[in-house]
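What follows is a set of notes on a single structure, which appears directly below.
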Amino acid sequence: EKPGLELTVVSVPSYACQRHTPLLHHNTILTDALSILAENAELSENEGRGVAFRRAAALLKSLPQEVRGAEQLRGLPCLGEHSLRVIKEVLEDGVSHEVETTTHSEQFKAMKALTGIFGVGAKTADRWFREGIHTPSNLQRSGHTLNRAQRAGVCYYDELNLPVTKPEAVAIGQIVERAVHAVLPGAEMTLIGGFRRGKQTGHDVDFLITHPDEGREEGLMPKVVSWLEAQGFLLYQKTTGNSYLESKEGPARPASNMDRFERCFSIFRLSTDNEGREIQTGREIQTGEGPRSWRAVRVDLVVSPYSQFAFALLGWTGSKLFERELRRWAIHEKAMTLSSHALYDRKRYLRASSEEEIFAHLGLEYIPPCDRNA
Ligand code: 8DG
Ligand code: MN
Ligand code: MN
C-alpha cells in the first residue's frame, strides 16, 4: 500500500439519494469520461447501460476527495466492471480509449447534433442517421416533413444549444411571475430543475406554479400561456392538460414515471437589451441577418395542486438520476411508490407539505437541492 492513497471514507451508501452530491466535486475528469459513455448508451437506447455509467459517475461526484489510484475505490458501491475499467484507464493514461473512440465516432457526433434539435429523440435521430442525415443542415436539405416542435427546434438550433445563464433564468422568472399574477392573484411560482440545485447555467428554465386555495390552479396554464402569447413572449408552446384522476383516497397511483400535471413546453423570446423591463443579460445573438436584441430560451412550466406541491417540487428539482434513485429506494427498500404526485405505502397515501416530510416518510436523511446533483 502506497501511503496517503487511502480515501478517508469509511463507507459510502449505495443509493444516490442517501448521499450529498454537490455541483462542484473532485473527480470531474473521471465523471466527464463516464458521462460520455452514459450519453452514448442513452443515444443507442441502451438505458440499463446508461444508468450503470450514471450511477458510477454519481458515486465519484459524492466523494470528498480526488481519486488518484484505483486501489482507493476498493469496497465502494455502484462501480461495475466496465466503469472500473474506464476509471483505471483514465487514472493511468489520462484518457480512455473507449471514450476517445466514442467522441470521435460519426454516429455519436451525428446523434448528438440531431437530438440537440428540440423535438427530436433518439429513435428519430437514429432513423435519420441511417438515411445519411448527420446534421441539422442535412436535415433541412433532406425535405423531410418536420412537426411543429422540430421546425422550431431547427429554426432556433444554435440559440437553444447555447447555455441559459442564471441572469437569463431570473429575467424569465420575472416575466412568468407577471403572467401568473395577472391571471391568478395569489398564485405562487418556484424555480425548479437545475437552477434550484444551484447550477449557474442550464439547457432550459423550469418553473412550478401552484395556488394555496386547492382548485384555483385548475385551468391556469392556458390562461398564463394566452397572456404570454399576447405580450409576444412565446416563440413556441405546447400545453398539455392535467390528466390526473383524484379520489378521496388521494391522487391516483402512478401508472408510469411520467407525471400528469398541467404543463407547457415552450420557447421564450427573451430581450437581451434594456428595451423591455427584463434584466440586461449582456448577450448579443448573431444571426444570418446580423446581430439582434433577443434570444430564444427553452422554458418548462408545470402547474400542481397545492396538496401535491411538495411531491411536484421534489420530482421536478432533479437531477434525473437523483429522482430515479429516490423511486428505486422507495420501491426496493421501503415497498413504497413515489411519484411527482404522491407517496404510497402500499395502499396508504402519505401526506406531505414539504420535501423534508417526504424524505422522513422514506426514512432518508434530508438532502437539500444543492446536494442533489447526482
Ligand atoms: P438543465 O435543464 O439545467 O440542463 O438540467 P435539469 O433542469 O436538471 O433537467 P431538465 O431536463 O430540465 O429536468 C428537470 C427535472 O424535471 C428533472 O428532474 C426531470 C424532471 N422532469 C422532466 N420531465 C418530467 C416529467 O415528464 N415528469 C416528471 N415527474 N419529471 C420530469 O424533465
Ligand atoms: Mn432544466
Ligand atoms: Mn426542463
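The values are calculated or read from the model by the stated rules, or taken from the named source; none is laboratory data. All values reported here derive from a predicted model rather than from experimental measurement. For neighbour counting, all protein chains shown are included, and Cβ atoms are generated from backbone atoms with ideal geometry for every residue, glycine included. Just so you know, the surface numbers come from the protein's heavy atoms only, side chains and all, with ligands and any DNA or RNA stripped out. Shrake-Rupley method; radii C 1.70, N 1.55, O 1.52, S 1.80 Å.
Quick test of your reading of the structure: TYR236 fulfils all but one of (1) within 16 Å of ligand 3 (Cβ to nearest atom); (2) free of Cβ contacts under 8 Å to residues at least 60 places away in the same chain; (3) aromatic (Phe, Trp, Tyr). Name the failing condition by number.
(2)
Hey, could you check the stretch 165-210 for residues that are within 16 Å of THR317 (Cβ to Cβ) and hydroxyl-bearing (Ser, Thr, Tyr) and say which is surrounded by the fewest Cβ atoms within 10 Å (Cβ to Cβ)?
THR190
Starting from residues that are part of a loop (DSSP other than H, G, I, E, B) and more than 24 Å from GLU159 (Cα to Cα), keep the ones in the stretch 285-342 and report whichever is nearest to ligand 2 (Cβ to nearest atom).
Across the stretch 285-342, the extreme among qualifying residues is SER340.
Only residues that are over 18 Å from TYR306 (Cα atoms) and among the polar types (S, T, N, Q): list them for the stretch 175-230, please.
Matches in the stretch 175-230: GLN200, THR201, SER226.
In the stretch 165-254, which helices (runs of 4 or more DSSP H) lie fully inside it and hold 3 or more residues that are away from ligand 2 (no atom under 16 Å from the Cβ) and more than 27 Å from LEU350 (Cβ to Cβ)?
Correct list: 166-183, 220-230.
Scan the stretch 355-365 and tell me whether some residue there is within 21 Å of PHE195 (Cα to Cα), buried (at least 21 other Cβ atoms within 10 Å of the Cβ), of a type outside the set (A, V, I, L, M) and without any contact (Cβ under 8 Å) to a residue 24 or more places away in the chain.
No, the conditions are met nowhere in the stretch 355-365.
Name the residue, out of ARG346, ARG328, that is open to solvent by 40 Å² or more (accessible area, probe 1.4 Å) and either within 11 Å of ligand 1 (Cβ to nearest atom) or at negative phi (or both).
Checking each option against the conditions leaves just ARG328.
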